[in-house]
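One structure is given below, encoded as C-alpha cells.
The values are calculated or read from the model by the stated rules, or taken from the named source; none is laboratory data. What you are looking at is a predicted structure, and each value in this text was computed from that prediction instead of being measured. Note: ideal-geometry Cβ built from the backbone for every residue, glycine included; neighbour counts use all protein chains shown. Quick note on the areas: whole protein, heavy atoms, side chains included, nothing else; ligands and nucleic acids left out. Shrake-Rupley method; radii C 1.70, N 1.55, O 1.52, S 1.80 Å.
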Amino acid sequence: MSNSDKAIRTIYFSILTNFLLALVKWFAGFFGHSHALIADAIESTTDIFSSFLVLLGLKYSKRPADHTHPYGHGRIEPLITFIVVIFLIVSAFIIAKESIYNIQTPHEGPKSWTLYVLGAIILWKEISFRVIIRRSKKLHSSSLKADAWHHRSDAITSVAAFIGISVALIFGEGYESADDWAALFASGLIIYNCYGIFRPALAEIMDENRYEELEEEVRQHSLKVSGVEFIEKCYIRKIGMLFQIDLHAVVNPNLSVREGHAIAHDLKDYLIENLDSIGNVLVHIEPFEGD
C-alpha cells in the first residue's frame with residue numbers, strides 16, 4: 001500500500017470520528033443546556049468539512065507526474081493545509097462570538113451528566129490525535145498533521161468546556177456562564193495552535209531547508225556508493241509526501257563521461273532503495289580537485 005493510500009485510510013477514520021462526535025455534542029449540548037458543548041459541536045462540524053478537503057487533496061496528490069506537473073501533484077497538500085487552517089480560525093471566531101453573546105445573556109445552567117459525555121469525548125479525541133499525528137510523521141504528510149491538530153484543538157475545547165461546566169455546577173447560581181467563558185478561552189487556544197499547523201506548510205511551499213537530519217543521512221549513504229568521493233552540495237525539497245533531492249557528487253576527475261554517468265545512476269538507485277519517502281534524486285557529477 002502506498003503512502004497516499006495509507007493517508008487516505010487515516011482520513012476516512014477521521015471523518016467517521018468527527019461525524020459521530022459532532023452528533024453526540026449537538027444532542028448533549030442542546031439537551032444538557034451547555035453552550036460550551038454546542039461551541040464544541042460547531043468545531044467538530046467544521047472538522048468534518050476540513051477532513052473532506054484533506055481527503056480530496058490526498059486523492060488529487062496521488063495523480064502521477066505529467067508533462068505539466070513533472071514533479072507530480074503533491075503541492076496540493078500544503079495548499080489544503082492552508083484551507084484547513086482557515087477553517088480552524090473561522091470556527092474559533094464563531095465559538096468566540098457565541099460565547100460572548102451567551103455570557104451577556106442569562107440562561108439555564110448546564111446539566112451534570114454532560115461531564116460524562118465530555119470525559120468520553122476528551123479521551124477519544126486525544127487518542128485520535130495521537131493516532132493521526134503518528135501516521136502524519138511516518139508518511140511526511142502536512143495535511144494529515146493539520147487534521148491531527150483539528151482533533152487536538154477539539155480536545156482542548158472539550159477540556160475547557162469540562163472545566164467550565166464543573167465550575168458552573170460546583171458554585172451554582174450566578175456561575176451559569178462559566179462554560180461560556182471556558183469556550184471563549186478555548187477559541188483563543190485554537191487560534192494559537194493554528195500557527196503550529198501553518199508554519200511547516202508555508203516552509204514546504206517556499207522550499208525552506210528544514211531537513212538537516214535527512215540531509216545527513218543522504219550524505220552518509222552516498223559515501224557507500226562506489227566511486228563517490230564525497231557530496232559537495234545537497235538540496236532537499238518536499239513535495240507532497242515525498243522528498244526530491246539534488247546532489248553534487250564529487251568523483252575521480254579521470255573517469256570517462258560514461259563512468260561518471262553510471263556512478264550517478266548507482267547513487268540515485270541506492271538512495272531511493274535505502275531511504276524512505278524519496279521521490280527522485282537528481283545527481284550532478286563534479287570532478288575531484290583536492291589533494
Checklist entry - Which of the residues belonging to the stretch 186-210 are of a type in the set (A, V, I, L, M, F, W, C), over 19 Å from HIS151 (Cβ atoms) and open to solvent by 50 Å² or more (accessible area, probe 1.4 Å)? => result LEU202, ILE205, MET206
Checklist outcome for this item: If we ask which residues in the stretch 267-291 are crowded, with 16+ Cβ neighbours inside 10 Å and either in contact with a Ser or Thr (Cβ under 9 Å, 6 or more places away or on another chain) or at pLDDT 90 or above (or both), their number turns out to be 8
Checklist outcome for this item: Note on the stretch 114-131: residues surrounded by fewer than 17 Cβ atoms within 10 Å (Cβ to Cβ) and of a type in the set (Lys, Arg) are ARG130
Checklist outcome for this item: Picking from THR68, THR45, the residue that is of a type in the set (Ser, Thr, Tyr), over 15 Å from the mean Cα position of the chain (by Cα) and under 18 Å from GLY279 (Cα atoms) would be THR68
Checklist entry - Quick one: which of VAL218, VAL228, VAL251, VAL257 is at pLDDT 90 or above, surrounded by fewer than 17 Cβ atoms within 10 Å (Cβ to Cβ), among the β-branched types (Val, Ile, Thr) and farther than 30 Å from LEU55 by Cβ? => result VAL257
Item to check | The one condition in (1) aliphatic (A, V, I, L, M); (2) within 24 Å of HIS33 (Cα to Cα); (3) modelled with pLDDT of 80 or more; (4) open to solvent by 10 Å² or more (accessible area, probe 1.4 Å) that ALA155 fails to fulfil | outcome: (4)
Item to check | Close pairs (9 angstrom Cβ cut-off, 6 or more residues apart or separate chains): without any contact (Cβ under 8 Å) to a residue 40 or more places away in the chain and of a type outside the set (A, V, I, L, M, F, W, C) in the stretch 196-225, surrounded by fewer than 16 Cβ atoms within 10 Å (Cβ to Cβ) and outside any helix (DSSP H, G or I) anywhere | outcome: ASP207/TYR235; ASN209/TYR235; GLU215/ASN209; GLU215/TYR235; ARG219/PHE230
Checklist entry - Across the stretch 158-177, which residue is least open to solvent (accessible area, probe 1.4 Å) among those that are in contact with a Gly (Cβ under 8 Å, 6 or more places away or on another chain) and in a helix (DSSP H, G or I)? => result ALA168
Next on the checklist: Based on this model, can you work out whether ARG134 counts as touching a helix residue (DSSP H, G or I) at 6+ places or on another chain (Cβ under 9 Å) and without any contact (Cβ under 8 Å) to a residue 24 or more places away in the chain?
Outcome noted: yes
Checklist entry - Any residue at all in the stretch 232-240 that is closer than 30 Å to LYS59 by Cβ, more than 26 Å from the chain's Cα centre (by Cα) and open to solvent by less than 80 Å² (accessible area, probe 1.4 Å)? => result no
Next on the checklist: If I filter the stretch 132-145 for residues that are at pLDDT 85 or above, surrounded by fewer than 21 Cβ atoms within 10 Å (Cβ to Cβ) and part of a helix (DSSP H, G or I), do I get at least one hit?
Outcome noted: yes
